[in-house]
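Report on the structure given below.
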Amino acid sequence: MADAPDSTQKAQQQVRRTIDAVWRMESAKVIASLARMLHDVGLAEELAQDALVTALEQWPKTGVPDNPGAWLMTTAKHRAIDRLRRHQLQQRKHEELGYEIELHQQVSEEDIVDSLDDPIGDDLLRLVFTACHPVLSQDARVALTLRLLGGLATDEIARAFLVPEPTIAQRIVRAKKTLAEANVPYEVPRGEELVERLSAVLSVVYLIFNEGYSATAGDDWLRPSLCEDALRLGRVLAGLMPQQAEVHGLVALMEIQASRASARTGPSGEPILLLDQDRARWDRLLIGRGLAALDRAQRLGGARGPYALQAAIASCHARALKPEDTDWATIAGLYGELARITGSPIVELNRAVALAMLFGPAAGLQVVDALADEPALARYHLLPSVRGDLLFKLGRMVEARSEFERAAEMTRNARERALLLERAAACTQAD
């Protein structure tokens, strides 16, 4: 009998873990559906959270429903209907209320399950474009996207980006208020506006992925959970917008880059650079998914989109079983094309690395030195890092050490700083 409380506690903990997993998977669909009913993202999230609280209260007692996602959807919609009733909105809202009540009286749980699996996902797509609306700052878009579409709690977002929790909470509150005050329409844009807005959406997703792939600050080189969240969002977008080539280009890029995750750090979490990685540890399944997504982007006519070009570069690395098999000529050409499209000095810096691998470090250094006065790279630690590497290969150890030390001062990531200082020390030993 003494074991009964422990057994009960374990069962409740398992239910709680199940609820957390269900919420992470289903919350975006629930919020999206409520937002369509209410035309208010903030209120939609509030009512979805109410349904979550109800699940936390009931499921430990009654057990997890056969279809927990449908249960959350039904509970949240009933709360939305109650809210519409209580506030006695305009006649149009009364008509919508009558429609929703009739819908709930006639539709079975199986029908609701079918709607959850709707491949079109119009509600979810509307939510994506609302969370990433240009009326919001980039920081606000990221926070709101992770909250509404990633199912992350405020403290999880704060930990991921090393920002105080109150700061993230304020960003989310302000974002919802801004959307409401700007009367942002809950819709998918069309025509030229769709192309422009989709670019903003993809940039938010990729920013989330990059923060997980190479953390800008803190003690960890990787934050895998952010990569996973971004990948999940990208895959959802690809399913919702199957004819948009750049969506597939971004998914391809993230899949291939994510395939290297387990090989990018050593036993103590120290960074391992690309050419030093054990390629047997690269995830071939993710590489296969990435190559398939890249092929889809190219067949849709998007081979020259910025994300597809980056994915094509990543594919050259993925196909090389050994570093010496890498097709640096193709990579240099792709970076050149990407630089022409984007005008980005960071892309040009990457092209310098490819040229150095193709023609020798002096060729790369010439391009790097031409970037020395670029304002956008003034505090970019990879500029002195790359320059230090090229100087090291040329045997100019004193200059190389200075560059590595300068890069170490610039980075805010502890793991990267340690690596750069190690490289600086190696210059002294080699001198």
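The values are calculated or read from the model by the stated rules, or taken from the named source; none is laboratory data. All figures in this text were calculated on a predicted structure; none of them were measured in a lab. Cβ coordinates were reconstructed from backbone atoms using ideal geometry, including for glycine residues, and neighbour counts include every protein chain displayed.
Looking only at residues in the stretch 332-370 that are polar (S, T, N, Q) and part of a helix (DSSP H, G or I), which one is farthest from L309 (Cα to Cα)? Give the steps one after another, and end with the answer.
Keep residues of the stretch 332-370 that are polar (S, T, N, Q), which gives 342, 344, 350, 366.
With part of a helix (DSSP H, G or I) added as a condition, the list becomes 342, 350, 366.
On the way: T342: 11, N350: 13, Q366: 24 Å.
Filtering first and then ranking leaves Q366.
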Residue satisfying all of: in the stretch 1-37; aliphatic (A, V, I, L, M) and surrounded by fewer than 11 Cβ atoms within 10 Å (Cβ to Cβ); modelled with the highest pLDDT among these: A4
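Name the residues in the stretch 224-262 that are outside any helix (DSSP H, G or I) and either of a type in the set (A, V, I, L, M, F, W, C) or surrounded by fewer than 20 Cβ atoms within 10 Å (Cβ to Cβ) (or both), would you?
If the condition is that a residue be outside any helix (DSSP H, G or I) and either of a type in the set (A, V, I, L, M, F, W, C) or surrounded by fewer than 20 Cβ atoms within 10 Å (Cβ to Cβ) (or both), then M241, P242, Q243 are the ones that fit.
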Here the residues within the stretch 168-215 that are more than 20 Å from the chain's Cα centre (by Cα) and among the hydroxyl-bearing types (S, T, Y) are T178, Y186
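Please enumerate the residues belonging to the stretch 302-331 that are among the acidic types (D, E) and either assigned to a helix (DSSP H, G or I) or within 25 Å of A372 (Cα to Cα) (or both). Can you show your working first?
Initial filter on the stretch 302-331 (among the acidic types (D, E)): 324-325, 327.
Of everything in the stretch 302-331, those that are among the acidic types (D, E) and either assigned to a helix (DSSP H, G or I) or within 25 Å of A372 (Cα to Cα) (or both) turn out to be E324, D325.
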Could you check how many residues of the stretch 58-69 are touching a Ser or Thr at 6+ places or on another chain (Cβ under 9 Å) and either within 16 Å of K29 (Cβ to Cβ) or β-branched (V, I, T) (or both)? 2
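Residues are listed down the side, and each one gets a yes or a no for (1) of a type in the set (D, E, K, R); (2) under 20 Å from R423 (Cβ atoms); (3) in contact with a Ser or Thr (Cβ under 9 Å, 6 or more places away or on another chain):
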residue: R351; (1), (2), (3): yes, no, no
residue: A356; (1), (2), (3): no, yes, no
residue: F359; (1), (2), (3): no, no, no
residue: G364; (1), (2), (3): no, yes, no
residue: P375; (1), (2), (3): no, no, no
residue: A378; (1), (2), (3): no, no, no
residue: E403; (1), (2), (3): yes, yes, yes
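Only one residue in A76, A55 is of a type outside the set (D, E, K, R), at pLDDT 80 or above, touching a Phe, Trp or Tyr at 6+ places or on another chain (Cβ under 9 Å) and buried (at least 19 other Cβ atoms within 10 Å of the Cβ). Which one? Write out each step before concluding.
Details: A76 fails: touching a Phe, Trp or Tyr at 6+ places or on another chain (Cβ under 9 Å).
Answer to the check: A55.
Kindly provide the set of residues from the stretch 397-431 that are outside any helix (DSSP H, G or I) and at pLDDT 95 or above, ordered by number.
Going residue by residue through the stretch 397-431, those that are outside any helix (DSSP H, G or I) are 411-413, 431.
Residues satisfying the conditions do not exist here.
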Quick check: is even one residue across the stretch 128-148 modelled with pLDDT under 85 and either assigned to a helix (DSSP H, G or I) or out of contact with any His (no Cβ under 6 Å at 6 or more places or on another chain) (or both)? no
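So that you can scan it fast, the table gives a plain yes or no per residue for (1) closer than 25 Å to L291 by Cβ; (2) of a type outside the set (S, T, Y):
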| position | (1), (2) |
| --- | --- |
| A308 | yes, yes |
| A312 | yes, yes |
| H317 | yes, yes |
| T330 | yes, no |
| G336 | yes, yes |
| G343 | no, yes |
| V367 | no, yes |
| Y380 | no, no |
The correct count of residues that are touching a residue at least 60 places away in the same chain (Cβ under 8 Å) and touching a Leu at 6+ places or on another chain (Cβ under 8 Å) in the stretch 190-213 is 5
Exactly one of F359, F392, F404 is farther than 24 Å from A339 by Cα and surrounded by fewer than 22 Cβ atoms within 10 Å (Cβ to Cβ), and that one is F392
Residues of the stretch 10-29 that turn out to be closer than 11 Å to G151 by Cα and not aromatic (F, W, Y), as a count: 9
Contact list please: Cβ distance under 9 Å, first residue in the stretch 245-260 and over 25 Å from P271 (Cβ atoms), second residue among the acidic types (D, E), pairs at least six apart or on different chains. H248/D295
Test L233 against the stated conditions and say whether it is farther than 24 Å from V353 by Cβ and either among the small types (G, A, S) or at pLDDT below 95 (or both). yes
L152 being under 13 Å from the mean Cα position of the chain (by Cα), at pLDDT 90 or above and surrounded by 22 or more Cβ atoms within 10 Å (Cβ to Cβ): no
Exactly one of (1) within 19 Å of L194 (Cα to Cα); (2) in a loop (DSSP other than H, G, I, E, B) is unmet by A215. Its number? (1)
